[in-house]
Each structure stands twice: as C-alpha cells, then as structure tokens.
1. Can you name the residue in segment B:40-51 that is within 16 Å of residue A:133 (Cβ to Cβ) and open to solvent by 50 Å² or more (accessible area, probe 1.4 Å) and, of all such residues, is farthest from the other protein chains (Cβ to nearest Cβ)?
2. Looking at B:101, B:11, B:62, can you tell me which residue is open to solvent by 30 Å² or more (accessible area, probe 1.4 Å), more than 7 Å from chain A (Cβ to nearest Cβ) and in a helix (DSSP H, G or I)?
3. Quick one: how many residues across segment A:97-118 are modelled with pLDDT under 90 and of a type in the set (A, V, I, L, M, F, W, C)?
4. Which ones in segment B:224-242 are surrounded by fewer than 19 Cβ atoms within 10 Å (Cβ to Cβ) and either at positive phi or assigned to a helix (DSSP H, G or I) (or both)?
5. Taking residue B:122 as the residue in question, decide whether it is within 30 Å of residue A:236 (Cα to Cα), buried (at least 17 other Cβ atoms within 10 Å of the Cβ) and without any contact (Cβ under 8 Å) to a residue 60 or more places away in the chain.
6. Where residues in segment A:169-184 are open to solvent by 10 Å² or more (accessible area, probe 1.4 Å) and facing another protein chain (nearest Cβ under 8 Å), which of them is farthest from residue A:119 (Cα to Cα)?
7. Mind telling me which of the residues B:121, B:92 ends up being at pLDDT below 95 and farther than 22 Å from residue B:212 by Cβ?
8. Spot the failing condition for residue A:60; the list is (1) out of contact with any Leu (no Cβ under 8 Å at 6 or more places or on another chain); (2) not assigned by TED's automatic domain parsing to the domain that holds residue A:229, and only one is missed.
Amino acid sequence: MVHPRTLNETGYIHEGNRMTRRGTFALLLLPGLAFLIFGFLAPAMGILFAAPGTDASEIFIRLGEMLTDPYDLRIIGRTVGLGLIVTAVCLALGFPIAYILARSTSRWGGVLLALAIFPLLLSNVVRTFGWLVILGSNGALGQLLVHFGITETPPQMLYTPFAIVMGLTQLFLPLAIIACYSAVSQVDAGLDDAARGLGASRGRTFWDVVVPLSMPGVVVAATLVFAGSVTAYTTPYLLGGSRQRLLSTELYSYSSVTVDWASASATAIVMTILVVLVSTVAARIGRKGATA
Amino acid sequence: MNTRKPVAAALAIVGYIVMLVPILFVVATAFTSGSTLRFPPEGLSFQWFDAALSYAPFTGALLTSLQLAVASTFLALAVGVPATLAIYRGALPGKGLVEGLFLSPLIIPELVVGLALYQQLIITFRVDNWPVLLLGHTALLLPYAVRVTGAALAGSDVSLEEAARGLGASPLRTFFTITLPILRPGIFSAALLGFITSFNNVPLSLLLQSRESRTLPITMLDYVQQSYDPMIAATSTLILAATMVIAVIAERTVGFAKIFGGINR
C-alpha cells in the first residue's frame, strides 16, 4: 500500500508544481492585504506625516509640547494612573475568581464561568449605563448611603475618578478572568496538593505555587486590562464628564470639536506608544517567565 | 463556592457584583413608569419600550448597525478565510510576518484607527462615511477571522488534505470536501464574534459616523448626553435580550466559552 505522505515526499503529486501552488496561495493573501493596507496601515501612517493641512513638523512640535506642558502631562498622568489602578483592581478581583473557577469541580463552575464571559458580548454602552443609574444623584448607591445615615445628602460620585475606575473595572474584569483562568487551569492541581501535603499553609501554597506558575497569564491579563483602560472612550465619556479629561476624550475633542489636527495626531501617537510599549515590555516579561 | 478560601471567595463576590449588578439596574430602570432614572423605580410599565421602539433615530441606527455588522463580518471572512488558508497551508516564506500583519489591527487603539481613516479618507479624499465605516470595521474584524479560523485549521491534520489530493481529488474538490468542513466551526465562531464586535463598536465608529450612517451605540451615547430618561434603559434591555439569544445560539453550537472566551473545556 502506498501512503499518500510518501507520494507527497517523493514529489509525485506536490513537488512538481510547488511553485504554482505557492503562487495560488500568495494570490489568496492579496484581498486581505489590500484591506489591511488601505483600511489600516496607510491611513495609520498618515497620522504621523499627512494630517489634513498639517506638516509632519507641526505634529512633532506639538508632540514635544505635549510631553512638557503641565496641562497635557496631567492628562497623560491621569490616563496612566487610572489605567494602573484599574489593572490592579482587575487582577485583585479577577485572579481569585479564575482560581476558584479553575479549581471548581461542581457544575456551578461552568455557570459562573459563563457569567464572567457573558458581559464581554454585551455592548459597552449598555454596561456603562448601569453606573449612571447606580452612581447618579438620584441613584441607588446615594439613596442607600443616605438611608443608612452614612451621609446626609447623596455624595457626588458620578463624574469622578471613582466612577471611571468602577466602569472600567466592570468592562475589563472578564478579560482578566479569562486570561488568568487559562493560566491557572494549566497549573496541575496535584501541585497544590503536594505543597499542602508537604506542610505548606493554604496561603503559602497559593502565593508560592499557584501565583508564580500562573504568572504568564497574569502578565497577559495586566496587558489587556491596561491597554483597554488607557484607550477606552465610552466609560470616561459617560462617567467622567467634562472634568475628568483623559487621552481618549481629548483625542475626540481635538478631532471633532476644535479640529486641531496636530494635537489630534500627537495625542494618537502618545496613546499608541503607551499601548505598544506596555505590550512589548509585558511580552518580554512573559517570555522571561516562561524560560526561567 | 468554596468556603475554605474566605478571602478569595469574598473578592470573587465583589468581582461578580461589579460585573453584573449594573446590568441588573439597567433592566430594573427600563420597566419604570416614572420619567427619571430614580431608584427604586416608581412603578411598573412598558412605556419606555414603546418609546424606544418608535423613536426613529434608534430604529434607523439599529438598521445601520445591523447592515454594517453583517456586511463587515461577511467581508472579513471573504478575504480572511483565503488569507488563513495561505498562511497556515501555503508554506509561504515569511509566514510569521504575514500572520503578524493580519493581527496588527489588534495592537493599534481603535480610536486611533478611527482617527486615521477619518483624516485620510473622509477629510483628505472625501470618501463617503458608509464605505469608510465598512472598510474600518472589516479591518478591525480581520484579525479575529484569521485567528479563529486559523485555530480550527491548526488543530486539524494536514495529511487528510494530502490524502485527498494523493487519491486524485482536484484542489477545489479537496477544499470543498475536506478543508471547508474542518473550517466550518471556526468560520461560524468568527462570524458570531465578528458580528458582536462590529455591532457593539464605539471607538472606531465614533469619528466615522455621519447623520446618514450613525450606528446604534453612538446614537445611544449622543442621546444620554442630551436627555437622561429611562428610554435608554429600555433600549439597553432589548440589546441585552438579543445578546442573550446570541449567547444561547453560541452555547448550543460551538460552545459559548470556546467562542467568546477562547477557552476549551
């Protein structure tokens, strides 16, 4: 019996027309490449060099200003700061959830996993809108605080950094859970038992065995949450109001309210560098963790 | 939940509250008979659902969003699936580079891609908003199409296709009888994921919208800025219901966690 693999390796079928096969496959790439080039790459390059009626030099001068001007620096700082807080909160809440779900043997584990993933399907506008109902001046949380005599009048919660942190945590917690879950499920539950058997406390087992072995997943989770937080628009727009300006809301108002292309381009560059830098560094750390 | 890990369990409960309770509040507010977002709601009524369904800007925007989501998902698959085949089966030189190129729209913030398309195509070249929206959404969905169908292809055995070819099937016949059935769950997953991603998108559509082509999420954002009534909660509740239907379809077919969480259980 002649195995098809053998035919292939002897060149009976494929080797003879390998070049035409490659040519066919290369043709299959073309439509996708055209979409990427015209719908993404070329316009993205334009941000740097060809904003409408603007010289590249103006964009770079504005970029330099942005990195020295106190007003702009405050916005960059606020964006990064909120991103870091949201990342920390999402890891603090997401890792325990991932850990419990990954170690769960009950059928509720599947239901809880589905409940953690479902919000990802739901529109960000819909999810963020809930906080307007909860944090608004007639909202549930304010009423509750007054009812229990904690404050006399409902405190201002909407349009504060607190509101943005809550909104962004809600949006990105599912991403953190999924990334951590994938990592924790790959850590053999037998290792937990081994550590416990050797006398380690529950807490020590968690911190010295589970967390270090899940680090690659934690790094992925942190990257996704941070990148999402510093580029999110809907949440700061709805929950931050006009006083909590972030890079994303600035980018929008430069492009469609004040129509200042140099500033819009410079803001876009800052935002992109921030995300790419963090992703690259995180990928490095993740790879180091994997080989160590 | 495991009571022997009290700290983890407490944090997990807080996490679920933050993820889910705001959604419950939206639903509760949608059924109010009052006209504010006061909580608790003042009475039970369906008036805000009637209002939402007969509010022309919302119904028009819904149609735009559905058209855009279907068209961009279809286009992304139409150009993405052949590209996936070339990347994973073509033995082309520079495979990693090409793959990276197709996944690159994931790295750049969507708001920045939106700005780029707005500046270059709408302002400089005066292209209409609708084709630019379609182009942008297709570019946004391409990484998902390539990655999800690619995963289906990477998990399959290439020798099946070689066997078919070895036994004399034409390349087209091999594609339709062997490769396509292997790809089908991946294509279905990518289609659901693409549709949801495009339908919910805000940052990319934000700058590309016009009066004639404005998507539903953007229209809702505009509406919240001007008036602050439960109609938006009713609209949100309808979107929630539709999303749940999609989740059930996903679960009954390929598996919900597999499509949307990338988790194989």
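The values are calculated or read from the model by the stated rules, or taken from the named source; none is laboratory data. All of these numbers come straight from a predicted model, not from anything done at the bench. Here the Cβ positions follow ideal geometry from the backbone for every residue, glycine too, while neighbour counts run over all protein chains shown. The area values use the complete protein model at the heavy-atom level, side chains included, leaving out ligands, DNA and RNA. Shrake-Rupley method; radii C 1.70, N 1.55, O 1.52, S 1.80 Å.
1. Only one residue fits best here, namely B:42.
2. Working: B:101 fails: more than 7 Å from chain A (Cβ to nearest Cβ); B:11 fails: more than 7 Å from chain A (Cβ to nearest Cβ).
One residue alone meets the criteria, B:62.
3. 1
4. First, pick out the residues of segment B:224-242 that are surrounded by fewer than 19 Cβ atoms within 10 Å (Cβ to Cβ): B:224-229, B:238, B:241-242.
Selection gives B:224, B:225, B:226, B:238, B:241, B:242.
5. no
6. The initial filter retains those residues of segment A:169-184 that are open to solvent by 10 Å² or more (accessible area, probe 1.4 Å), namely A:172, A:175, A:178-179, A:181-183.
So of that shortlist, the ones also facing another protein chain (nearest Cβ under 8 Å) come out as A:178, A:181-182.
Numbers: A:178: 12, A:181: 16, A:182: 18 Å.
For segment A:169-184, the residue satisfying everything is A:182.
7. Every option except B:92 fails the conditions.
8. Exception for residue A:60: condition (2).
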